[in-house]
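Q: Please find one structure pasted underneath; my questions will follow.
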Amino acid sequence: MFEFIARAREKRTSCKAAAPSPAISAGYSWRVPGGEVARLSQYVLEGGAHVMIAGNTRSGKSTLLHGIMADALKQYAPSEAGLVLLDPKRIELRRYKDLPHTVRYANDEDGAIEALRYVQAVMEARYRELEQAELTADTPKYQGQRLYVVIDELIPLMIGPRKKEFVSLLMLLLSQAGAANIWFIVGTQAPKRSIIPGEIMLYFTLVIGLSMASAVESRCALGVKGCESLPLHGKAIVKYGPELMTASIPNTDLRSVAELVSYWTSASCKVA
Ligand SMILES: Nc1ncnc2c1ncn2[C@@H]1O[C@H](COP(=O)(O)OP(=O)(O)O)[C@@H](O)[C@H]1O
Ligand SMILES: [Mg+2]
């Protein structure tokens, strides 16, 4: 096991040297209270939060997701981060299907439910591992590989014929998966309460609000109005726990994303 990780790290280092270094997300910065500037994707990937990206159609949800995926691919080897991809619109996430990081890819409702069941099994196995660990003063958290469940977009899965099954699995995972180092990153059209219940919204500690049609939609996503006044692209209102801030959202160069994907899928980077 340790040998495997060491080998993966070694591979990663040697691959990194040859990797393209597109500065895709240099502009993903935001000003947190206190004036510190941090990268948005760092919060998304390491913030210990389930993440929702909400906005109108064409507001740049998928584009931002690609920027975040690119940042993940720049920093994590497959042994460090796994991906479960739910792609009900069958367009955006397909490009990541063959990555060595990807453990499940689903593009229909049945596949999505099967993939969430898989995530549940992983979570339960990780909890069993935690149970074996010695009790300390801190609440135990799984320290192994992160698993990101990326969904573009949520709405089709919330209204399909098997929505009850999907929603109850989603709720179960949102409420319990964090301690197993399993995190959701979800794109969704401006979330109406009638489609995405408040109980589900509560689990998203990090919400990135892009351009929306109305103050009502902005309130559903973030608890405050404001997204209705954002330009179509380039700016977001971000809620991280109780804090609100604004962020700049640059465009993502999809050619650079493709370069990162072909880097990881090239034979020389496959970890045995
Ligand atoms: N930050 C941005 N700056 C400039 N153009 C952007 C930005 N984000 C997205 N776009 C453009 O807007 C269009 C719609 O983006 P997309 O990500 O598909 O939106 P959505 O997933 O919300 O429907 C695309 O053509 C994309 O290139
Ligand atoms: Mg989209």
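Q: Using the eigenvalues of the Cα gyration tensor, what equivalent ellipsoid semi-axes result for region 116-195 when each is taken as the square root of five times the eigenvalue, whole Å, largest first?
A: 29, 12, 11
Q: Would you mind computing Rg(Cα) / (2.2 N^0.38 Å) for region 178-238, counting N as its residues?
A: Cα Rg divided by the expected 2.2 N^0.38 Å: 1.15.
Q: Fully extended, how many nm does the chain gain between Met245 and Leu202 (0.36 nm per residue separation, minus their Cα-Cα distance)?
A: That works out to 13.7 nm of additional length.
Q: Quick one: what Rg and Dmax do you get for region 73-224 from the alpha carbons, in Å?
A: 16.2, 51
Q: Between Gln75 and Ala179, what length in nm is gained on full extension when 0.36 nm per residue of separation is reduced by their alpha carbon distance?
A: My answer for the length gained is 35.3 nm.
Q: Right, something else. What's the percent breakdown of Cα-Cα distances in region 152-261 across 5 Å bins, shortest bin first?
A: For region 152-261, the pair-distance distribution reads 2, 11, 18, 22, 18, 15, 11, 3, 0.
Q: Report the label-to-label distance for Asn107 and Tyr127 in nanometres (one decimal), using points 7 Å from each Cα along the Cα→Cβ vector.
A: The two pseudo-label positions are separated by 3.3 nm.
Q: Multiply the residue gap between Thr139 and Val224 by 0.36 nm, knock off their C-alpha separation, and tell me the result in nm, one decimal place.
A: Using 0.36 nm per residue and subtracting the Cα-Cα distance, I get 27.3 nm.
Every number here is computed from the coordinates shown, using simple stated rules; none is lab data. Just so we're clear, the structure is a prediction, and the values are computed from it rather than from any experiment. Counting neighbours? That spans all protein chains shown, and the Cβs are built from the backbone with ideal geometry, glycine included.
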